[in-house]
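Notes follow the structure.
The values are calculated or read from the model by the stated rules, or taken from the named source; none is laboratory data. Quick caveat: nothing in here was measured; it's all calculated off a predicted structure. Because the Cβ atoms are built from the backbone with ideal geometry, glycine has one as well, and the counts that use them run over all protein chains shown.
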């Protein structure tokens with residue numbers, strides 16, 4: 001009998017974030033990890049359902065809640081590439097685990113840092129990286145707050161997103177497995193998010209029966225005044241990957257359900273049809289990027305020989321494979337997937353034409369590793385430009401990470417996708 005694992009399980013009742021980290025690090029596939037939802041249910045706080053189920057504050061696709069964004073990439077609530085560089089930049093923030101601000105201590109930092117380290121370090125990091133990168137969109141990929149340690153979930157959400165709200169930046173969020181463990185239900189958390197200023201987040205697609213909360217898509221239009229100004233040249237999909245299994249015979253984390261996959265298939269097909277139809281019909285679909293929290297089982301396909309970044313812990317995916325990766329491959333437009341959940345992994349690996357990427361842990365109240373900097377992932381898409389100076393569709397997509405060290409270092413810059421030959425023999429003068 002392994003008494004160390006029994007001790008870890010007991011600690012879960014006293015300190016869930018520390019115990020989850022130890023379980024995931026010690027034995028990612030051990031049965032104790034699959035029993036995590038049972039232990040969490042013992043300590044869960046009762047929550048009330050949010051009123052007006054199904055209500056969304058977004059009256060039309062692309063509208064930014066609470067007002068218009070200040071970024072040139074979002075005019076009247078519509079995202080589009082900027083004409084100066086033909087670039088659209090996305091900042092991914094994974095696993096903030098925000099709680100009560102200054103009174104919430106940091107985890108897994110050096111002892112000398114502990115007296116002055118709190119949620120405010122997470123806020124400071126967001127401010128630093130936004131100032132350095134000037135993103136067109138900020139995406140929060142779940143465990144944005146750590147509900148178990150949050151006194152008031154609504155206040156925690158307001159504090160967590162304050163840096164983007166104050167800057168009037170367009171932003172989007174999905175939920176992780178910890179957001180709903182406080183004073184708001186899972187639906188209540190998402191309802192609060194969609195009502196915040198400058199967000200593009202949605203509760204769910206209008207008129208669609210679908211599992212989860214926070215399934216939606218965003219379209220990024222071409223440069224204003226260009227031939228593709230009225231087409232979506234970059235498609236962003238946001239999906240609720242759930243929290244924990246509700247099926248007694250299937251323990252462990254949640255997964256993307258058939259209703260969500262059906263919505264994704266229909267949305268992808270509709271977008272591809274619009275992009276390849278007149279006027280300005282294109283020969284290839286616009287590239288798609290997908291954001292959610294819990295990694296797919298396919299993330300286990302990589303080792304040090306075929307990834308960029310690091311893999312320092314096991315892949316904590318659902319215990320079953322719901323087939324969403326195959327669904328994306330069949331759709332044909334997805335070029336990359338971005339998740340969080342496993343804080344010590346920050347790699348990208350390519351499988352069947354799709355890059356599977358982690359962001360790495362961002363928040364200081366989330367488990368991590370002392371000496372291994374908290375980090376964020378940046379993704380930038382670049383348009384083609386003809387010799388005549390006309391902006392066209394997306395030519396390439398790059399990514400890199402920003403570390404919260406002294407220099408806000410950039411690391412692991414790589415090309416995620418390059419457009420293949422379309423048979424058109426027109427010289428290109430820009431594009432990465």
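Here's the yes/no breakdown for (1) under 23 Å from residue 90 (Cβ atoms); (2) free of Cβ contacts under 8 Å to residues at least 24 places away in the same chain:
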| residue | (1), (2) |
| --- | --- |
| 142 | yes, no |
| 156 | no, no |
| 163 | yes, no |
| 166 | yes, yes |
| 173 | yes, no |
| 182 | no, no |
| 192 | yes, no |
| 196 | yes, no |
| 201 | yes, no |
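Of the residues making up the stretch 255-265, one or more are closer than 29 Å to residue 364 by Cα and either within 17 Å of the chain's Cα centre (by Cα) or part of a loop (DSSP other than H, G, I, E, B) (or both). Taken across the stretch 147-170, residues that are under 25 Å from residue 290 (Cβ atoms) and in a strand (DSSP E or B) do not occur at all.
Rundown of residues vs (1) part of a loop (DSSP other than H, G, I, E, B); (2) within 14 Å of the chain's Cα centre (by Cα); (3) modelled with pLDDT of 95 or more; (4) more than 25 Å from residue 255 (Cα to Cα), yes/no style:
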{"site": "179", "(1), (2), (3), (4)": "yes, yes, yes, no"}
{"site": "189", "(1), (2), (3), (4)": "no, no, yes, no"}
{"site": "196", "(1), (2), (3), (4)": "yes, no, yes, yes"}
{"site": "226", "(1), (2), (3), (4)": "yes, no, yes, yes"}
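Of all the criteria given as (1) surrounded by fewer than 24 Cβ atoms within 10 Å (Cβ to Cβ); (2) touching a strand residue (DSSP E or B) at 6+ places or on another chain (Cβ under 9 Å), the one not satisfied by residue 394 is (1). When residue 276 is tested against (1) farther than 25 Å from residue 262 by Cα; (2) surrounded by fewer than 20 Cβ atoms within 10 Å (Cβ to Cβ); (3) modelled with pLDDT of 95 or more, exactly one condition is not met: (1). Looking only at the stretch 390-405, residues that are assigned to a strand (DSSP E or B) and farther than 14 Å from residue 89 by Cβ come to 5 in all.
Of the candidates 132, 112, 173, the single residue that is crowded, with 24+ Cβ neighbours inside 10 Å and at pLDDT 95 or above is 173.
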